[in-house]
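Only one structure is covered here, and it is reproduced in the block below.
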Amino acid sequence: MTTDSLKSQPWAPPSGADVEMVLVGPHWDAVRAPAGLGERALALLGGATGAVIADYNLVYWLIRPGSAQYWRRVRQVQTLGSGRVETSYIGVPPSDRTSGPYLHWRVPLGPGRYLTDADRLREALVRAAVAELGIGAGDDR
């Protein structure tokens, strides 16, 4: 991906070699899940996923600010950003870091692949949680 194509996005990852800590909320919120659950959800989303950051055993989807503010509980999943009492930052890798295990783009940011639809993501995560963990007490489906 060229620098010019990133400039057309409302936000762009760091252009240097270093990871940048980015405040969650102004440009996007994030949804964090364990890697196993995240991989199942990615398979369910297919081409409907936006950009995804991975770091060892966690994955983070970027979603529209405020779009998961009123999500009901999904086991092992946390929403970060708008409407939360706590302030959250996540590490964002440079755009060309696309392999790990260290912080990298699991699904790189690109034209037409920026934010994931929060409703689709929640549905995929619920289905992945049921497949991975079974149905638990207090789960909302």
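The values are calculated or read from the model by the stated rules, or taken from the named source; none is laboratory data. Everything numeric in this text was worked out from a predicted model, so none of it was measured. Note: ideal-geometry Cβ built from the backbone for every residue, glycine included; neighbour counts use all protein chains shown. What goes into the accessible areas is simple: the full protein's heavy atoms, side chains included, and nothing from ligands, DNA or RNA. Shrake-Rupley method; radii C 1.70, N 1.55, O 1.52, S 1.80 Å.
Details
- Every pair of different Cα atoms in region 71-117 enters the Kirkwood calculation, which places the hydrodynamic radius at 13.2 Å.
- Accessible carbon and sulfur surface of the chain relative to its total accessible area, %, 1.4 Å: 48
- A full extension of the chain between Q69 and A131 corresponds to an added length of 19.9 nm, given 0.36 nm per residue minus the alpha carbon distance.
- Taking label positions 7 Å along the Cα-Cβ direction at both Q76 and S99, the computed distance is 2.6 nm, reported to one decimal.
- Using the 1.4 Å probe convention, the accessible area of the chain works out to 53 Å² per residue with neighbouring protein chains retained.
- Nearest-ten-degree value, helix 118-133 long axis tilted from longest Cα axis of the chain: 60
- Calculated [θ] (222 nm, deg cm²/dmol) that DSSP helices of n ≥ 4 give over the chain, each run adding -39,500 (n - 2.57): -7000 deg cm²/dmol
- In the complete set of protein chains, residue-level accessible area for H27 is approximately 90 Å², probe 1.4 angstrom.
- Rounded accessible area of D18 (nearest 10 Å², 1.4 Å probe): 120
- Projected label distance in nm at E123 and A17, using a 7 Å step from Cα toward the beta-carbon: 4.4
- Subtracting the Cα-Cα distance of S88 and A48 from their residue separation scaled by 0.36 nm leaves 11.9 nm.
- Inter-label distance for E39 and L58, nm, one decimal - labels placed 7 Å from Cα along Cα-to-Cβ: 1.9
- Degrees, to the nearest 10: 35-45 long Cα axis against longest axis of the chain: 90
- The percentage of C-alpha pairs in region 29-141 whose separation is greater than 23 Å is 23%.
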